[in-house]
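Asks: This structure is in C-alpha cells; I'll ask about it shortly.
Just so it is clear, none of the values below were taken in a lab; they were calculated from the coordinates. This is a predicted model, so every value here is computed, not measured. We place every Cβ from the backbone using ideal geometry, glycine too, and count neighbours over all the protein chains shown.
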Amino acid sequence: MATPSATPSPTWLSPDRYRAELEAALKPVRSSLASLLKARSVDTLDRRLGRTEEAVTEAVRRLRDLDPPPEAALAHVEYVRHLADLDLRLLRLRPDVADHSLCTPSALLTRVGKGTIDNLRVAARNLKILDYDAPAIDVKVPKRRNRRLANGTFIRNGGRGGRGHLRIRNGLKRDAVVTLTQGKTKVLSVYVRKRSSYQINNIRDGRYRVYFTTGTDWDRSARTFTRNCTFERFERTLRFRTVYSGYTIRWRNWSLTLHPVPGGNARTRTVRPRDYPR
C-alpha cells in the first residue's frame, strides 16, 4: 500500500517575523544616516559615510537572504534592488568625500541623486501598502547650487576699533573666506571672491592667527563651502600694534595674498577641516 507523501512546509517567513527582520536590517541604516546628515566637517562626513555605506551593504545582504510572505515577494525584491542601488551610489561617492570634492551632507545627497532616493521611497510605499513597514530614507535632496556672497561680506565682524588694516588679495580660481582668530576665539571672517581683493580696516591691536578656506557654493548655515573645499592657515601670526610717541601715532598694516607669489614670505599649511574655526 502506498503511503501519502508529507506536504512540504512553506519556507517563507510569517508576516510578524518578516516585519521583525525588516526592522532589524534597516534600523542601523536609519541610525547611521541620521548621524551622517549631522556631520559638521568633511573629515567627520568621510568617517560617517563609511559607516553608513557599510550599514546599507549589510542591510542589503540580510534582506536578500529573506524569503518574505508570498504577497510581499515582488515588493520585497524591488525594495532590495533600490536599496542596493543606493549602496552602490554611496560606495562610488566615498572617494569624492575623501578628496574634498564633496564637503557637506547636502552636497553628498545632491550627488546621490533625487531619483535614487525617490525610487527607494516608492518601493517602501509599496511594501507599506501591504502592511510591511520598510521606512524609506526620507530625506530632501537639494538641487545643485553655486551660492556666493558679495566680495567683502563679513560673516563675523569683531575685533574692530583700531587703526591697522589688512589687505587681502585672492588670486585663486575659487572664492575664499578669511578668518582671524585670537587663541581659540574667532574674531573676524570676511568673504573674498576669486581674483578679487578686499581691505579690512580698523583692526584692533593684538596678535592674530589667519586661516582661510576656499571652495564652491557657500552654505551660510553650515558656514562652509559645499564642494571643492580646502582649509589652510598662515604659519606666521600678524601683530597689530599702535605706538603713541609725543604727537606721533604709528601703527602696522599688513598685506596677504592667498595665492603663491614670487618672493612671497608668508607660508601656509593645510589644517584638518574639523580644526578650522567656524
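Asks: May I ask you to compute the full-extension gain from Ser31 to Arg64, defined as 0.36 nm times their residue separation minus their alpha-carbon distance, rounded to one decimal in nm?
Replies: 9.8 nm
Asks: Calculate, in whole percent, how much of the Cα-Cα pair population of segment 22-100 lies beyond 21 Å.
Replies: 31
Asks: Report the gain in length on full extension from Glu235 to Thr11: 0.36 nm times residue separation, minus Cα-Cα distance, nm rounded to one decimal.
Replies: Net length gain for the segment: 73.9 nm.
Asks: Something else: When Rg and Dmax of the Cα atoms in Å is calculated directly from the model, which label among (i) 17.5, 50; (ii) 27.4, 127; (iii) 18.2, 56 fits?
Replies: It is the one labelled (ii).
Asks: If Lys and Arg each add +1 and Asp and Glu each add -1, what is the summed charge of the other residues whose beta carbon sits under 10 Å from the beta carbon of Arg156? Present the calculation step by step, with values, prior to reporting the outcome.
Replies: Working: positive: Lys186, Arg223, Arg278; negative: none.
Here the count lands on +3.
Asks: About the Cα centre, and with charges only on the beta carbon of Lys, Arg (+1) and Asp, Glu (-1), how big is the dipole of the chain? Nearest 20 debye, please.
Replies: For this selection, approximately 2840 debye.
Asks: Once both labels are modelled 7 Å past Cα along the beta-carbon direction, what's the Asn151-Thr185 spacing in nm?
Replies: Between Asn151 and Thr185, the simple spin-label model gives 3.2 nm.
Asks: Taking the simple approach of a point 7 Å from Cα along Cα-to-Cβ for both Ser245 and Arg274, what is their distance in nm?
Replies: Label-label distance for Ser245 and Arg274, simple model: 4.9 nm.
Asks: At a temperature of 20 °C and a viscosity of 1.002 mPa s, determine how fast segment 112-203 diffuses translationally according to Stokes-Einstein, using the Kirkwood radius over alpha-carbon pairs as Rh; express D in µm²/s, rounded to the nearest whole number.
Replies: Numbers: Rh = 17.1 Å.
It comes out at roughly 126 µm²/s.
Asks: Let me ask something else about it. Amide H of Ile155 versus every other amide H placed in the peptide plane: which residues, excluding those fewer than 5 positions away on the same chain, fall under 5 Å?
Replies: Hits under the 5 Å cutoff: Ser189, Val190, Tyr191.
Asks: Determine the gain in length on full extension of the stretch Ser221-Val141; use 0.36 nm per residue of separation and subtract their C-alpha separation, reporting nm with one decimal. Each step should come with its number before you reach the end.
Replies: Numbers: separation 80, 0.36 × 80 = 28.80 nm, distance 1.66 nm.
Net length gain for the segment: 27.1 nm.
Asks: Still on this structure, please answer the following. Could you compute the net charge surrounding Tyr211? Neighbours are other residues with a C-beta less than 11 Å from the C-beta of Tyr211; K and R count +1, D and E count -1.
Replies: Values: positive: Lys186, Arg209, Arg233, Arg269, Arg278; negative: Glu232, Asp275.
Overall, the nearby charge balance is +3.
Asks: Now, a different point. Can you tell me the mean projection area, over all orientations, of the convex hull of segment 177-274's alpha carbons? Units nm², please.
Replies: Convex hull of Cα atoms, orientation-averaged projection: 7.8 nm².
Asks: Run the helix sum for the chain: -39,500 (n - 2.57) per DSSP H stretch of 4+ residues, divided by residue count, reported at 222 nm to the nearest 500 deg cm²/dmol.
Replies: -11500 deg cm²/dmol
Asks: Hey, could you get me the Stokes-Einstein D for segment 119-172, Kirkwood radius over alpha-carbon pairs, 37 °C and 0.692 mPa s, rounded to whole µm² s⁻¹?
Replies: Answer from the Stokes-Einstein relation: 194 µm²/s.
Asks: Can you give the local net charge around Val243? Use residues other than it whose beta-carbon is closer than 14 angstrom to its beta-carbon, Lys and Arg +1, Asp and Glu -1. List each step's numbers first, then the result.
Replies: Values: positive: Arg163, Arg239, Arg241, Arg250, Arg252; negative: Asp205.
Residues near Val243 contribute +4 overall.
Asks: From the backbone phi of segment 66-72, what are the Karplus-calculated ³J(HN,Hα) couplings (6.51 cos²θ - 1.76 cosθ + 1.60, θ = phi - 60°) in whole Hz, Gly and Pro given as x?
Replies: Along segment 66-72, the couplings run 7, 10, x, x, x, 5, 9 Hz.
Asks: Now for a different question. Within segment 38-81, find all residues whose amide N lies under 20 Å from a label point positioned 7 Å from the Cα of Asn126 along Cα-to-beta-carbon.
Replies: 59-81
Asks: With unit charges on the beta carbons (Lys and Arg positive, Asp and Glu negative) and the dipole taken about the Cα centre of segment 110-176, which residue among Ala150, Ile129, Gly115 sits farthest to the positive side?
Replies: Farthest towards the positive pole: Ala150.
Asks: Using label points projected 7 Å from each Cα along Cα→Cβ, tell me how many nm separate Arg94 and Ala20, to one decimal.
Replies: The modelled label-to-label distance comes out at 3.2 nm.
Asks: How do 108-114, 125-131 rank on mean C-beta neighbours within 10 Å, highest first? Display every interim value, and only then the final one.
Replies: Numbers: 108-114: 18.4, 125-131: 14.1.
In descending order of packing, they fall as 108-114, 125-131.
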